[in-house]
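A quick write-up on the structure given underneath.
The values are calculated or read from the model by the stated rules, or taken from the named source; none is laboratory data. In this text the structure is predicted, and so the values were computed from the model without any measurement. For neighbour counting, all protein chains shown are included, and Cβ atoms are generated from backbone atoms with ideal geometry for every residue, glycine included.
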There are 2 protein chains.
Amino acid sequence: MAAKEPIIIRDKDEMRKWTRTMRAQGHTIGFVPTMGYLHEGHISLIQEAHKHTDRIVVSIYVNPGQFSPNEDLSTYPSDFQGDIKKLKSVCNGVDVVFNPKNLYEYGNSQIGNGYERNIKEGKVVSCVESDHETWVRVENLEKGLCGKSRPVFFRGVATVVTKLFNIVEPDVAFFGKKDYQQWRIIQRMVRDLDFGIKVIGSDIVRENDGLAMSSRNVKLSPENRQRALSISRALSRAKVEAEKGQVNCRELINCAIQTINEAGGSVDYAEIVEQENLEPVETIKTPVVFCVAAWFGKVRLVDNMEIDV
Amino acid sequence: MAAKEPIIIRDKDEMRKWTRTMRAQGHTIGFVPTMGYLHEGHISLIQEAHKHTDRIVVSIYVNPGQFSPNEDLSTYPSDFQGDIKKLKSVCNGVDVVFNPKNLYEYGNSQIGNGYERNIKEGKVVSCVESDHETWVRVENLEKGLCGKSRPVFFRGVATVVTKLFNIVEPDVAFFGKKDYQQWRIIQRMVRDLDFGIKVIGSDIVRENDGLAMSSRNVKLSPENRQRALSISRALSRAKVEAEKGQVNCRELINCAIQTINEAGGSVDYAEIVEQENLEPVETIKTPVVFCVAAWFGKVRLVDNMEIDV
């Protein structure tokens, strides 16, 4: 099949107009939000989208609102031309790449002094708080797992996804389960805020050796790339053990932490939680998910595995 | 003109479907959110809506999410049949009354233990926190004025308006400037979250004697109804004084508080703030708004006056 050239849209109003035109013509719109540096995980979301809708929008936007000033916003990998090339080679392609310049710039409106006040009061801040002040919070789900070490992360994710939903106005949106907590948060947000959007989660795509695909993998040194395999190895082993009858979460977690530590990683958290509410469990009785975040050098990776015993 | 009978819709999906059908036919949708017990202030919003869009939805929904458990949710006045009668008599009428039963009920999904945790941690809660956990916060604008004495109020307002926007999907939405802080918060939220919706604020409608129209006025005893006139009297006097050259806010505020106190009211706050960011000012140099909240018996009233010197 000939490669399909996506339309590149950078303007919010133009994006919304495109969707409304398509919808008026009877089309349905699928939406795959990304931060770019696309890999097979993203491509699998697009392939999933083709099963549900007949028009597809992919956004490429590194969201400063989900990074704390001390996190890796400035070194987040990007390759826009490479991304476009990849999208052109996807079977059936995509229709639109939405690539806005800055989603937090609002022209000449007056700026309040809230930012200075927040700094003064010692509140956590993201990279975009001078003029923007509206945040969507999924107050319980955002607390645990990654929320503990990244205090503005999920607030930033929920807010930018709300913005993108309001701009792209899709019928169905696709998220990878690699970011499991993010996926559950978006599902809950869509329910609680009554978005007219269906959310679909897609399974984790892994390299042949088991490493969960992530844009951050490119930042791993060859040695740390090898060490990072310990995460999926630890999760797979826990799943097998659980299926064989080990339902004591403390045992499963300790074993996984040991595996990762011995490989040279540094575990941020390793928790076995309920699949929907992400509440920690002590004994596996219902479907759970084992979530891990660990550092390898200066790169923090997340991975997880659902255990449906 | 013959009275127009509005369609009454109670179901979210049916509401969204109606708007999409209308939009596909080339119509534009105006939206007037209300908590019912309609008065001339609401009617003026509908009349304003007729100038901007050719289809009009009025929602009638008392939002439990903006009430603390100790506030007046249970005694908030309501008269659905009377409201419908009033809407039928409005010039050109309205097309739809959206009157959902409960916007915070989501079927059989699992409930997390966040509510219990929030109570235990002594967090402020609204009347709907068992299963719902996503809140929209306009973090700076929500802090002052009414936000000080009603800690969950604007969080609840921003959230329910987001929900209603996502269900009704209007082109233009209309809010009364009587709730000045609410109007500014919704404007900011629409900007920050990129809603494809225009927000229009309508001037306060007053009774002949100056009392700002409010659904809560019906709860005033005849004596307190008379005492409550002191608010608009105090605001009008401040406006005249400012126009005559009195730019010292402390003086203007003290005088207003004295007027209301002497009439038998109890001032919750009286502040002169910038019109857009609602930051308190000491000296009037740019357009400001004088905002007051005061109790008369068990009824808390708000009023304000823009001063454009």
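Among the residues of the range B:16-71, the one identified as over 22 Å from the mean Cα position of the chain (by Cα) and aromatic (F, W, Y) is B:W18.
So is A:V199 within 14 Å of another protein chain (Cβ to nearest Cβ) and not in a strand (DSSP E or B) or not? Considered against the rule, which asks whether it is within 14 Å of another protein chain (Cβ to nearest Cβ) and not in a strand (DSSP E or B), A:V199 comes out as no. From the residues in the range B:13-30 that are of a type in the set (A, V, I, L, M), surrounded by 14 or more Cβ atoms within 10 Å (Cβ to Cβ) and in a helix (DSSP H, G or I), which one is nearest to the other protein chains (Cβ to nearest Cβ)? Checking each candidate, the answer is B:M15.
Scanning the range A:177-196 for residues that are part of a helix (DSSP H, G or I) and of a type in the set (F, W, Y) yields A:Y180, A:W183. All conditions but one from (1) touching a Pro at 6+ places or on another chain (Cβ under 8 Å); (2) of a type in the set (D, E); (3) at pLDDT below 95 apply to A:E105; the one that does not is (1). Right, A:L141: among the hydrophobic types (A, V, I, L, M, F, W, C), facing another protein chain (nearest Cβ under 10 Å), within 16 Å of A:V58 (Cβ to Cβ) and in contact (Cβ under 8 Å) with a residue 40 or more places away in the chain or not? So A:L141 fails the test. Filtering the range A:31-40 to residues that are part of a loop (DSSP other than H, G, I, E, B) and in contact with a helix residue (DSSP H, G or I) (Cβ under 6 Å, 6 or more places away or on another chain) leaves A:G36, A:Y37, A:L38. In this structure, A:R225 does not qualify as at pLDDT 95 or above, farther than 30 Å from A:A24 by Cα and within 12 Å of another protein chain (Cβ to nearest Cβ). The numbered conditions (1) closer than 24 Å to B:I9 by Cβ; (2) within 14 Å of another protein chain (Cβ to nearest Cβ); (3) of a type in the set (G, A, S) are all true for B:S215 except (2). Evaluated against (1) within 27 Å of A:Q187 (Cα to Cα); (2) at pLDDT 95 or above, A:G265 falls short on exactly one condition, (1).
Pairs are defined by a Cβ separation below 9 Å, a sequence spacing of at least 6 or placement on different chains, a first member in the range B:296-308 that is free of Cβ contacts under 8 Å to residues at least 24 places away in the same chain, and a second member that is not polar (S, T, N, Q) and not in a strand (DSSP E or B); the pairs so defined are B:D308/B:P287. The lone criterion from (1) more than 10 Å from chain A (Cβ to nearest Cβ); (2) surrounded by 20 or more Cβ atoms within 10 Å (Cβ to Cβ); (3) over 21 Å from B:N304 (Cβ atoms); (4) out of contact with any strand residue (DSSP E or B) (no Cβ under 8 Å at 6 or more places or on another chain) left unmet by B:V125 is number (2). The residue that is nearest to A:S232 (Cα to Cα), counting only those in the range A:253-281 that are of a type outside the set (A, V, I, L, M, F, W, C), within 14 Å of chain B (Cβ to nearest Cβ) and assigned to a loop (DSSP other than H, G, I, E, B), is A:Q275.
Looking across the range A:215-252, the residues that are among the basic types (K, R) and either surrounded by 17 or more Cβ atoms within 10 Å (Cβ to Cβ) or touching a residue at least 12 places away in the same chain (Cβ under 8 Å) (or both) come down to A:R216, A:K219, A:R225, A:R227, A:R233, A:R237, A:K239, A:R250.
Look through A:F174, A:F154 and report the one residue that is crowded, with 20+ Cβ neighbours inside 10 Å, more than 9 Å from chain B (Cβ to nearest Cβ), in a helix (DSSP H, G or I) and aromatic (F, W, Y).
A:F154
Can you tell me which residues in the range B:87-109 are surrounded by 17 or more Cβ atoms within 10 Å (Cβ to Cβ) and either among the β-branched types (V, I, T) or not in a loop (DSSP other than H, G, I, E, B) (or both)?
Hits for the range B:87-109 are B:L87, B:V90, B:V94, B:V96, B:V97, B:F98.
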